[in-house]
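So the structure is just underneath, and the comments pick up after that.
Where a number appears in this text, it was derived from the coordinates with a stated rule and is not lab data. Just so you know, these numbers come straight off a predicted model, no measurement behind them. We place every Cβ from the backbone using ideal geometry, glycine too, and count neighbours over all the protein chains shown.
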Amino acid sequence: MFATLNKMLDRLESMAMVLFMSIATILTSVQVVYRYGFNSSLFWVEEVVIYSIICMSFVGASMGVRHGAHISVDVLNAFAPPAVNRWLHITAAALGIAFAGFMVFYGFQLFFSTLGRGQLTAALRLPMAWFYLPIAISGLLLVVRYLWVIHEAWTKPPVSLAEELAAAKDKLV
C-alpha cells in the first residue's frame, strides 16, 4: 500500500512541478517579450509567476523529504552505530511530522478564515484563500513522506554512514 501511494505521489508531484515551472518560465518569457518588444506589460503575469514559484517550493519540500535532499546535520549519524542511526532517522521524521501537522492545521485554518473574509488577490482578483491552500496540502504530503521515511527506517536493516555515503556516491556516477 505504501509503495503504491509513494509512486502515485511521485507522479503527482513531478507533474505539479513541471506544470508550475512551465507556467513560471513561459509567462516570464512572454512578459520579457511584451516589455522589451512592445514596450508594454501584462499586469497579471508577475502575480501568477510568484504564486507558481511559491507552489513549486511547497511541492519541492515534499520531494526533498522523499529524496533525502533537505539540509541536515549528520554529526550524530557519523559517530553513532547503525542501530542508533535508525532511531535518529525515526526521531527526525517524527519531528517532521509534528511540523507538517502544524502546517496542515494552520494552513487549513488560514484557508478557511481567508475564504470567509472574501479577500481577493491584487491583480487577478481571485480569492486569496486558494493561494493559501498549498500550505495545508504540502503539510499533508509531508506527513505521508515522513511516514514513508519511518517505514523505511523501521523495515530496512540499519546501515552505517560509510555505507550510506558509498551508496550515494554510486548514485552520482
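May I ask you to sort SER22, SER40 by Cβ crowding, counting other Cβ atoms within 10 Å and putting the fewest first?
SER40, SER22
The label point for ALA3 and the one for GLU46, both projected 7 Å from the Cα toward the Cβ, are 5.0 nm apart.
For THR121 and LYS156, the FRET efficiency from 1/(1 + (r/R0)^6), where r spans their Cβ atoms and R0 equals 35 Å, is about 0.20. Summing +1 for each Lys or Arg and -1 for each Asp or Glu among the other residues whose beta-carbon sits under 9 angstrom from that of MET63 gives 0.
With charges only on Cβ, +1 for K and R and -1 for D and E, what is the dipole size of the chain about its Cα centre, in debye, rounded to 20?
240 debye
In plain terms, the chain from SER57 to ALA98 could stretch by 12.8 nm, reckoned as 0.36 nm per residue minus the Cα-Cα distance.
Normalised by the number of residues in the range 20-101, the average gap of Cα pairs under 8 Å and 6 or more apart makes the relative contact order 25 percent. Relative contact order of the range 2-172, taken over Cα pairs closer than 8 Å and 6 or more residues apart, is 26 percent. The sum of -39500 (n - 2.57) across all DSSP H runs of n ≥ 4, divided by the residue count of the chain, sets its helix-only mean residue ellipticity at 222 nm to -27000 deg cm²/dmol.
Of the residues ILE23, SER40, VAL104, the one whose Cα sits farthest towards the positive end of the charge dipole of the range 15-135 is VAL104 (charges of +1 on Lys and Arg Cβ, -1 on Asp and Glu Cβ, taken about the Cα centre). For helix 45-67, report the angle its Cα long axis makes with the longest principal axis of the Cα atoms of the chain; keep it between 0 and 90° and round to the nearest 10°. It works out to around 10 degrees. For the range 100-137 versus the range 1-34, the spacing of their alpha-carbon centroids is 20 Å.
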